[in-house]
1. Within the stretch 106-131, can you find the residues that are part of a strand (DSSP E or B), within 13 Å of the ligand (Cβ to nearest atom) and under 20 Å from the mean Cα position of the chain (by Cα)?
2. For the stretch 42-70, give me each residue that is assigned to a helix (DSSP H, G or I) and over 13 Å from P198 (Cα atoms).
3. Scan the stretch 71-87 residue by residue and report those that are touching a helix residue (DSSP H, G or I) at 6+ places or on another chain (Cβ under 9 Å), within 16 Å of the ligand (Cβ to nearest atom) and not in a strand (DSSP E or B).
4. Select from the stretch 96-111 the residues that are surrounded by fewer than 24 Cβ atoms within 10 Å (Cβ to Cβ) and either within 18 Å of H43 (Cβ to Cβ) or in contact (Cβ under 8 Å) with a residue 12 or more places away in the chain (or both) and list them in ascending order.
5. What are the pairs with Cβ atoms under 7 angstrom where one residue, in the stretch 160-179, is closer than 21 Å to G74 by Cβ and the other, located anywhere, is within 16 Å of the ligand (Cβ to nearest atom) and basic (K, R)? Sequence gap at least six, or different chains.
6. Evaluate the following for A140: is it modelled with pLDDT under 95, over 29 Å from P60 (Cβ atoms), away from the ligand (no atom under 12 Å from the Cβ) and assigned to a helix (DSSP H, G or I)?
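The values are calculated or read from the model by the stated rules, or taken from the named source; none is laboratory data. Since we're looking at a predicted model, the values are computed, not measured. As a convention, Cβ positions derive from the backbone with ideal geometry for all residues, glycine included, and neighbour counts pool all protein chains shown.
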Amino acid sequence: MAGRRETGEGRRDEAALRLPSSVYRLPSGRVAVLALQGDFAAHGERLRELGLAPFEVRKPDELNRAAGLVLPGGESTTIWKFFESEPWENAIAGFVASGRPVLATCAGAIVLAREVSNPVQKGLGLIDIAVERNAYGRQADSFLDDVEAPALGGRLPAVFIRAPRIRRVGSGVAVLARWKGEPVLVQQGAVVAATFHPELTRDERVHRLAFAGLFGARKTA
Ligand code: GLN
């Protein structure tokens, strides 16, 4: 019995040794969730459901051990206050430059944008979009509706909370979803930005899309 088990495990180990080296970087399967402010906990739950082993980060150097990053919604002005007290700008720019995937939602998208208005504020310029903050006016400043997301297989339920509007999309940016014709989900390289809150619905397609590259390695391992 013991002998049989040993033989079986031996074969599995040999198979594992032939796997490509990328598969061994499994801490690489973990996704960091910026946890300075905002609704980071809900992102953590969605990622956990997808098996993406989230962990909360509160210091810039914690990004070193992340394979992916979520910049959650909240208040972009407050997030910026935190950013000014530690070298977050360099850490996030370095993260994006490394090609690791990033999902930025609402305030997270505002922080990453190239241009921010209403009022004008700094943007990291890590996705080539111009956003206008709190741009749906009083009546509709928070609402739930379906958005058109042909790239994700059709309609997608979306929660908008004092959301920004994307006023310009650079030529290198793909529009993945629209609401009433306006872009609400965009992608540039490994950066995906949503003006809504995909973490507040049970529809997991946006998280899956943003971190698609991390699934293969986890499955193989
Ligand atoms: N209104 C917020 C801002 O301008 C964003 C709101 C959100 O993240 N839900 O930063």
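1. Of everything in the stretch 106-131, those that are part of a strand (DSSP E or B), within 13 Å of the ligand (Cβ to nearest atom) and under 20 Å from the mean Cα position of the chain (by Cα) turn out to be A113, V116, V131.
2. Within the stretch 42-70, R48, E49, P60, D61, E62, L63, N64, R65 qualify.
3. Those that are touching a helix residue (DSSP H, G or I) at 6+ places or on another chain (Cβ under 9 Å), within 16 Å of the ligand (Cβ to nearest atom) and not in a strand (DSSP E or B): P72, G73, G74, E75, S76, T77, T78, I79, W80, F82, F83.
4. Those that are surrounded by fewer than 24 Cβ atoms within 10 Å (Cβ to Cβ) and either within 18 Å of H43 (Cβ to Cβ) or in contact (Cβ under 8 Å) with a residue 12 or more places away in the chain (or both): V96, G99, R100, P101.
5. P164/R133
6. no
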